[in-house]
1. Shortest first, in nm, what separates the label point of A:Ser58 from those of the same position in the other copies (7 Å along Cα→Cβ)?
2. Got the A:Leu79 label distances to the other copies yet, label 7 Å along Cα→Cβ, in nm, shortest first?
3. Excluding ligands, DNA and RNA, what is the solvent-accessible area per residue of the range A:10-112 at a probe of 1.4 Å, expressed in Å²?
4. Between 0 and 90 degrees, rounded to the nearest ten: what's the tilt of helix A:68-81 against the longest Cα principal axis of chain A?
5. For an R0 of 30 angstrom, estimate the FRET efficiency from the Cβ-Cβ distance between A:Leu79 and B:Gln80 and round to the nearest 0.05.
6. Could you work out how far the C-alpha centroid of the range B:3-32 sits from that of the range A:60-113, in angstrom?
7. Using a label point 7 Å beyond Cα on the Cα-Cβ vector, give me the inter-copy distances for A:Gly90 in nanometres, one decimal, shortest first.
8. What spacing in nm lies between the two simple spin-label points modelled at A:Ala7 and B:Gln30, each 7 Å away from Cα in the Cβ direction?
Protein chains: 2
Amino acid sequence: MKQELHAMNDEKAVEIFKALSNQTRLNILQMLKDAETNFSAQAHVIKEADFEGGVCVSDIHKKTGTSQSTTSQYLSILLQSGLLESKRIGQWTYYRRNEEMIKQFYHYIGLNL
Amino acid sequence: MKQELHAMNDEKAVEIFKALSNQTRLNILQMLKDAETNFSAQAHVIKEADFEGGVCVSDIHKKTGTSQSTTSQYLSILLQSGLLESKRIGQWTYYRRNEEMIKQFYHYIGLNL
DNA sequence: TTTACATATCGGTAAATAACGATATGCCGA
DNA sequence: TCGGCATATCGTTATTTACCGATATGTAAA
């Protein structure tokens with residue numbers, strides 16, 4: 001049974017609002033929406049394992065206009081909020097959108113805002 | 001012709017995310033969704049003028065658990081973001097939701113997040 | 001025209017966030 | 001096992017936010 005579609009409370013929503021209350025972090029989420037267009041092919045992810053749409057930190061870093069450390073920080077804020085998910089493959093960490101959480105958030109807005 | 005339904009850019013969205021990245025401000029917006037239930041009848045607004053659903057600052061203040069000055073500040077942040085609108089009637093300032101902006105924000109999320 | 005009340009603004013302090021460079025850690029290939 | 005790369009973390013400073021109490025402003029009633 002598909003469940004948990006509306007499993008979001010106000011506290012979680014506030015955490016997501018915080019994550020998105022920064023232009024750079026919003027841009028990252030948006031760029032990952034069309035990863036093929038916005039980033040070069042992620043050779044390792046394709047070879048190695050099932051993590052479709054994942055992009056490594058350095059490629060994201062090149063697009064953000066912030067330092068490597070800031071990019072890493074921002075990615076972990078987005079990860080913590082649940083908007084992104086990550087997978088380590090070799091020396092790379094790949095990040096991609098968590099579409100399920102994004103959908104939940106969208107529904108939350110429709111119902112609770 | 002009904003227009004402007006998607007007239008929101010990333011910058012405006014970030015401002016709204018900021019406004020909502022605080023539990024108290026989120027609560028205010030939510031309480032105003034059902035003003036009749038959450039607040040006592042607003043006598044003056046009924047008598048005086050067309051501002052259906054408007055609630056005065058002191059009534060909101062009673063529910064927030066923050067000081068009068070903080071409540072006033074938070075209301076002006078929500079006003080500035082466009083999520084609320086206000087009208088001064090006599091010595092009271094009434095605030096209510098701007099449903100049009102909230103709808104625009106919801107659509108923005110659906111399209112751009 | 002005082003007085004009382006509703007709201008906004010001011011000035012402050014503590015905490016959180018933004019952002020960086022430097023450094024540590026972890027994983028490979030030589 | 002050593003060097004090199006990718007990423008994470010640490011330590012820092014500047015800015016913003018979260019609040020508050022005190023005060024100013026504006027309106028209306030006595």
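The values are calculated or read from the model by the stated rules, or taken from the named source; none is laboratory data. Nothing here was measured: the structure is a model prediction, and the numbers come from that model. A quick note on method: Cβ atoms are made from the backbone with ideal geometry, for glycine too, and the neighbour counts reach across all protein chains shown. Each accessible area value is taken on the protein alone, full model and side chains, heavy atoms only, with ligands, DNA and RNA left out. Shrake-Rupley method; radii C 1.70, N 1.55, O 1.52, S 1.80 Å.
1. 6.4
2. 4.3
3. On the way: 5130 Å² over 103 residues.
That works out to 50 Å² for each residue.
4. Roughly 30 degrees, rounded to the nearest 10.
5. On the way: r = 30 Å, r/R0 = 1.01.
My answer for the efficiency is 0.50.
6. One Cα centre to the other: 20 Å.
7. Output for A:Gly90: 7.4 nm, nearest copy listed first.
8. A separation of 1.9 nm, rounded to one decimal place.
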